[in-house]
Ligand SMILES: Cc1cc2nc3c(=O)[nH]c(=O)nc-3n(C[C@H](O)[C@H](O)[C@H](O)COP(=O)(O)OP(=O)(O)OC[C@H]3O[C@@H](n4cnc5c(N)ncnc54)[C@H](O)[C@@H]3O)c2cc1C
């Protein structure tokens, strides 16, 4: 092996520049920490986004696919998810998975932090909703939030930066269906611009939010936090893959070992390390960073690293809205409506916790045909019936943690540098099955009420592993958790974890605003209580 | 090395069976999308070889049978039930190539070209739609 180049020491290394890494890098740079964010992927030039190409449908299913196993870009590590009922998706580049996300940003409910006390399941978080609230607000300011205050299903919140993204004719129809059933609905908070915001343009409703746009209408951290962090002196070191967090004999971290852009090994010394590599990448790196002071892998004296993997469980129903004035592919793919009628635990049901309904729009011609339209004589009739009329109501369910659901290092599969790949072992739990069965029935009811035809039920969506949580959980007890309430490792006080790995439970909403709020809170802790890490 | 099958007549018939002609448009076999299929097969590993091996498999299922609609349906269905994953990939590839063609877009009323910069129109946000749900009392669970 070539000799290792040692770089100039810095205060903090952040590993990963996605939703959480970008937020932490910005916050630390703002307080003059010397911070370098090491990212295995490149910058993505917005001009190359698939939405700028007439070939977008093909790109969406090849090099812009959500799955790293399909894309196989140089920076993608393969994920062995053969033993997982839900398949993992993510993006590896500056901006991380926010390059692909649909930017729905509902918040956790206060009850989500107290599920043990309230419902006797899983564990309580060591923090409350109100500990996070100021960071949710700061994050909305940085990313830009469209929405409206006053939702009766959630605590009041500060005014949103922009009015809600318009609902469209299909959204209005669904909203009235919820109204007719007497069920809750509300425009979901969304990090999509409804008007121009901080130099980024308003959304023009092309539909393919997951493919991103050159307008910058949908926030991703490469165009929000990161440019601001760079202006403040933060460094983003791209195409650099961390393979080990280094530690000394007393167990403290001393920096990171990584392969640079040329594939050569380098060591970046630092006073502290923040890991933000997501709920799969983080346990992978911790498990791979074994040393004499951390023989089970870094920060793993509890043996909880990699355990308690949570996705969210998804199920629902699809139907056709035949009499709308405009096609259902007008507007962001994830329609800006949520219903939390069945969010909180109800003792009359046979499951604990609950779910949020979200709505998926129709898409362009090829995505409409693929998967749903048969080949042969009925092809055209079936295509015509669906195109521009399909609508899906999906439930995103609280997926309670179980130790058997986990991330391990694969004994055979590796990335391009020979670093072991993650192996995912996951099956849907009993509570989730009951929750989903309930959700599917209610989804069909809403679609019927909306006047939809051809309603079909979907008992479980499987290519939906986009929320990666729980694999380095937070807690007060070092024997049962990996980090404390500030995201600081119990086993190494200058190591911090800020991505979805630290979640104690997953709640029934998309996780990213909570991930980013936690990251900002950890950064604040370092800024105020760990001045010793600043040189 | 091409991804197309040397038996181009059979390939055309199979493609026409998957997406038959409609109105004034030929099916996927007659539309002239071979170059597109070839490009899509070679540009990304996901589809490499799929067209060739699918036609190969369908050909062997046909055996000495004449290429009639009925025999093709049987051979394609046989391939679909025995090798569902390659079959799904074949379908994905053919649908992608067919539904990327401007003539098809024209027929179904889809605007050809990139999604940006034009986007689509949506009626503006109207707060009055919240009238009913706004009247509901807060129902989130309060905790300490
Ligand atoms: C298709 C899709 C739709 C989504 N929609 C929503 C939504 O509507 N709402 C919502 O809340 N969430 C959504 N998500 C999830 C959201 O994108 C993630 O929750 C969020 O990005 C996670 O942030 P993170 O910082 O934990 O990880 P990521 O954003 O995944 O970033 C991790 C980064 O770490 C880098 N990295 C990993 N390992 C290494 C290494 N060894 N060395 C160097 N760098 C490394 C990766 O390259 C990556 O850039 C969606 C995700 C996808 C894929």
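Quick note: the coordinates plus some simple rules give every number you see, no bench work behind them. Predicted model, so just to flag it, every value in this text is computed and none were measured. Cβ atoms come from the backbone with ideal geometry, glycine included; neighbour counts cover every protein chain shown.
A few notes on this one:
- Based on Cα contacts under 8 Å between residues 6+ apart, chain A shows a relative contact order of 23 percent.
- Packing here is the average count of other Cβ atoms within 10 Å per residue, and on that basis the peptides B:127-137, A:170-180, highest first, run A:170-180, B:127-137.
- Residues residue B:8 and residue A:293, FRET efficiency given R0 of 45 Å [Cβ-Cβ distance, rounded to 0.05]: 0.10
- Peptide A:358-370, shielding by other chains (average Cβ, 10 Å cutoff): 4
- Cα gyration tensor shape of the range A:288-420, rounded if a/c is under 1.5, else prolate or oblate by comparing a/b with b/c: oblate
- The angle between the Cα long axis of helix A:129-143 and the longest principal axis of the Cα atoms of chain A comes to about 80 degrees, rounded to the nearest 10.
- Beta bridges per DSSP with both ends in chain A, % antiparallel, nearest 5: 65
- Förster radius 45 Å - calculated FRET efficiency between residue A:479 and residue A:456 (Cβ-Cβ, nearest 0.05): 0.45
- Segment residue A:528-residue A:45, length gained on full extension (0.36 nm per residue, minus Cα span): 170.3 nm
- Label-point separation, residue A:326 to residue A:350 (7 Å along Cα→Cβ), nm: 4.3
- Residues A:37, A:203, ranked from the fewest to the most other C-beta atoms within 10 Å, line up as A:203, A:37.
- Taking the average, over residues, of other Cβ atoms within 10 Å as the packing measure, peptides B:14-20, A:296-302 rank B:14-20, A:296-302 from highest down.
- Net lengthening on full extension, residue A:198/residue A:403 (0.36 nm per residue, minus Cα-Cα): 69.5 nm
- Nearest-ten-degree value, helix B:34-43 long axis tilted from longest Cα axis of chain B: 70
- Which of A:464, A:326 has the fewest Cβ neighbours within 10 Å, and the rest in rising order: A:326, A:464
- Sites residue A:180 and residue A:385 - FRET efficiency at Förster radius 25 Å, r taken between beta-carbons, to 0.05: 0.50
- Judged by the ratio a/c of the largest to the smallest principal axis of the C-alpha gyration tensor, the range A:5-533 counts as prolate, that ratio being 1.5 or greater while a/b is larger than b/c.
- Nearest-ten-degree value, helix B:84-98 long axis tilted from longest Cα axis of chain B: 80
- Remark: the residue A:427-residue A:413 segment gains 2.9 nm on full extension, using 0.36 nm per residue and subtracting the alpha carbon distance.
- Shielding of B:39-47 by partner chains, average beta-carbon count, 10 Å: 4
- Partner chain coverage, peptide B:89-97 - average Cβ within 10 angstrom: 5
- Reported to the nearest whole Å, the Cα centre-to-centre distance from the range A:52-112 to the range A:173-234 is 17.
- Site pair residue B:67 and residue B:83 shows an inter-label distance of 1.8 nm when each label is modelled 7 Å from Cα along Cα→Cβ.
- Taking other C-beta atoms within 10 angstrom as a stand-in for reagent exposure, A:39, B:36 fall in the order B:36, A:39, fewest first.
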